[in-house]
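Chemist: My structure is below; once you've seen it, I'll send some questions.
The values are calculated or read from the model by the stated rules, or taken from the named source; none is laboratory data. Please read these numbers as outputs of a predicted model, since none were measured by experiment. Every residue, glycine among them, receives a Cβ derived from its backbone with ideal geometry; neighbour counts consider all protein chains shown. For the accessible areas, the whole protein counts, side chains as well, though only heavy atoms, and no ligand, DNA or RNA atoms are used. Shrake-Rupley method; radii C 1.70, N 1.55, O 1.52, S 1.80 Å.
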Amino acid sequence: MSTHALPLPDLPTGLYIGGQWRDASDGARIEVLDPATDEVIADVASGSPDDGLAAVDAASAAASSWAATPPRERGEILRRSYELMMEHRDELAQLIALEGGKSRRDAEGEVTYAAEFYRWFAEEAVRGTGHVQHAPGGDKRILTVLQPVGVSILVTPWNFPAAMATRKIGPALAAGCTVVLKPASDTPLTALAIAHLMERAGTPSGVVNVVTSRRSGPIVSAMLEHPATRKLSFTGSTEVGRILLKQAAENVLNCSMELGGNAPFIVFADADLEAAVEGAMIAKMRNAGESCIAANRFLVEEAVAEEFSSRLAERMAALKVGPGADPGNEVGPMINATACADIAAMVDASVLAGATVLVGGGAREGAGSFFEPTVLGSVPADDPILSQEIFGPVAPVVTFASEDEAVAIANDTPYGLAAYVYSGDLARALRVAERVDAGMVGVNRGFISDPAAPFGGVKQSGLGREGGHEGLLEFLEAKYIAVDWES
Ligand code: NAD
């Protein structure tokens, strides 16, 4: 067992269906590993397709009374959930660090970010308003009301096990939808802890259901086929997102998709280089690079490329790598050995293609899936590492000669989630921000996430937005009522 005790010792490890904690129908379990030591830290139920169907039944049974619950009351439950999460911030952060490998500092940041979605959507719950208008032809009034979409299946990844769950549960509940959450099998404990806290916050039975499972494909397919299901909200890879969109098409489900990214980080020669390096560290190294909005390609104007790269390499070399759960470490392990091996293969191929290793360059020997913070210089423009999601602490630097070239390289990808632009000329920075294919752009800053802002991508990075007022609208549908009240 791990050297760290599991926080929240009374945490239930079953499926949470209709307000009950129960075992999987066939008794299956998932072992949860600490990626810093590869040791088992807990085991949880591994739901079957039948359990998925039971969870949709429970969400469906609770749907009409939850939709009829006054928005203020729904908001107050979310507000209490926010407060409980903040009260248990340390335990939740330790749980995230243990099962996901995230550094304590990043894990604490994630808990706050995650809880803030509940505070934000507690406030948004009362803002799902419609409108009334005169028909242009004068024959009637057009009444538009917003109604909850209905039972929603939420599927989330391991890299932000708390925030990706609350970013969906918050708006769904605020809008009056009931949900079934299927968290990633590498990080099921955080989802269970959130459901446990929401139960204490007074969430009625069946409104939030959680099915942890190792059998992701079969259980999600079963839930998407259930006739009561009305929506899929998915965060994960573009590859899996594409499969689920096809399945969701069968019953014409409403879909919100938050998929993969390949963020360019563009640095012009007129940028404040110190600030650019600082922003690069945040955009690249938050969560050890395991983030969908992580800077994946550094595009630097020729005149400053060498200086930027060497300053970045110096900062990367100084990072403290070690188990996330030990305070003081800044870079934890990758989620598992396969992820670590994939990153190593990308770096090796890049070096073979002509890139230079300025710092790091490989996985660490010994226990745990640790990868050295790495900067690659002189990366050829056609290097495959630039077209893949690295999802690790590796920063490849490519040079460009003109604004047009920077934009062309930035847009040469099927992805379009985030982008970053550093320039001392605000007009240019904003012009480039408008020209890059991305749903979100950081101008002279490396940290962009905010529960009050619409988060999402264009192109193959997704459909829809989470957070902001837009996040609430994803769980509402407009109904038009034609009225004639003049005689
Ligand atoms: P993933 O696509 O492998 O898994 C995501 C979820 O889908 C997990 O719960 C997984 O169990 C489930 N899943 C996997 N295969 C499935 C299948 N065949 N049918 C049904 N469900 C299935 O992604 P991941 O490795 O957990 O997360 C990393 C990916 O998520 C990266 O591509 C990253 O960019 C993306 N991501 C995107 C955002 C965003 O907001 N756009 C945020 C975080 C992560």
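Chemist: Taking A263 as the residue in question, decide whether it is touching a strand residue (DSSP E or B) at 6+ places or on another chain (Cβ under 9 Å) and either within 23 Å of E110 (Cβ to Cβ) or in the same structural domain as V32 (by TED's automatic domain parsing) (or both).
Modeler: yes
Chemist: Hey, any hits in the range 142-155 for a residue that's open to solvent by 60 Å² or more (accessible area, probe 1.4 Å) and closer than 29 Å to T203 by Cβ?
Modeler: Looking for residues that are open to solvent by 60 Å² or more (accessible area, probe 1.4 Å) and closer than 29 Å to T203 by Cβ, one finds at least one in the range 142-155, hence yes.
Chemist: Right, here's the next one. Condition first: surrounded by fewer than 17 Cβ atoms within 10 Å (Cβ to Cβ) and on the phi < 0 side of the Ramachandran plot. Now tell me which residues in the range 319-341 satisfy that.
Modeler: Answer for the range 319-341, where residues must be surrounded by fewer than 17 Cβ atoms within 10 Å (Cβ to Cβ) and on the phi < 0 side of the Ramachandran plot: K320, D326, P327, N336, A337, T338, A341.
Chemist: What is the number of the single condition among (1) surrounded by 24 or more Cβ atoms within 10 Å (Cβ to Cβ); (2) over 25 Å from the mean Cα position of the chain (by Cα) that I390 does not meet?
Modeler: I390 satisfies every listed condition except (2).
Listed here are the residues, each with its yes/no results for (1) within 16 Å of the ligand (Cβ to nearest atom); (2) assigned to a loop (DSSP other than H, G, I, E, B).
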position: G137; (1), (2): no, yes
position: L154; (1), (2): yes, no
position: P157; (1), (2): yes, yes
position: P161; (1), (2): yes, yes
position: I169; (1), (2): yes, no
position: A174; (1), (2): no, no
position: V180; (1), (2): yes, no
position: A184; (1), (2): yes, yes
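Chemist: I would also like to ask the following. Every residue in the range 424-442 that is of a type in the set (A, V, I, L, M) and surrounded by fewer than 16 Cβ atoms within 10 Å (Cβ to Cβ), please.
Modeler: L426, A427, L430
Chemist: Of all residues in the range 174-185 being in contact (Cβ under 8 Å) with a residue 60 or more places away in the chain and in contact with a strand residue (DSSP E or B) (Cβ under 8 Å, 6 or more places away or on another chain), which is surrounded by the most Cβ atoms within 10 Å (Cβ to Cβ)?
Modeler: Per the criteria, the residue is V180.
Chemist: Would a scan of the range 104-123 turn up a residue that is closer than 30 Å to E31 by Cα, within 16 Å of the chain's Cα centre (by Cα) and part of a loop (DSSP other than H, G, I, E, B)?
Modeler: No; the residues of the range 104-123 include none that is closer than 30 Å to E31 by Cα, within 16 Å of the chain's Cα centre (by Cα) and part of a loop (DSSP other than H, G, I, E, B).
Chemist: Looking at V56, V40, which one is in the same structural domain as I219 (by TED's automatic domain parsing) and over 24 Å from C177 (Cβ atoms)?
Modeler: That would be V40, the only listed residue that is in the same structural domain as I219 (by TED's automatic domain parsing) and over 24 Å from C177 (Cβ atoms).
Chemist: Report yes if V56 is modelled with pLDDT of 95 or more and part of a strand (DSSP E or B), otherwise no.
Modeler: In short, no.
Chemist: While we're looking at this one, here's another question. Going by the structure shown, is S81 open to solvent by less than 10 Å² (accessible area, probe 1.4 Å), outside any helix (DSSP H, G or I) and either in contact with a Lys or Arg (Cβ under 6 Å, 6 or more places away or on another chain) or away from the ligand (no atom under 16 Å from the Cβ) (or both)?
Modeler: No: the conditions fail for S81.
Chemist: If a residue must be open to solvent by less than 30 Å² (accessible area, probe 1.4 Å) and either among the aromatic types (F, W, Y) or farther than 14 Å from H196 by Cα (or both), how many such residues does the range 84-93 contain?
Modeler: Adding up the residues that qualify gives 1.
Chemist: Additional query: Name the residue, out of G101, G128, that is under 23 Å from E258 (Cα atoms), buried (at least 23 other Cβ atoms within 10 Å of the Cβ) and small (G, A, S).
Modeler: Residue meeting the stated conditions: G101.
Chemist: Shifting gears a bit: Of the residues that sit in the range 441-461 and are without any contact (Cβ under 8 Å) to a residue 24 or more places away in the chain and touching a Gly at 6+ places or on another chain (Cβ under 8 Å), which one is nearest to A275 (Cα to Cα)?
Modeler: D450
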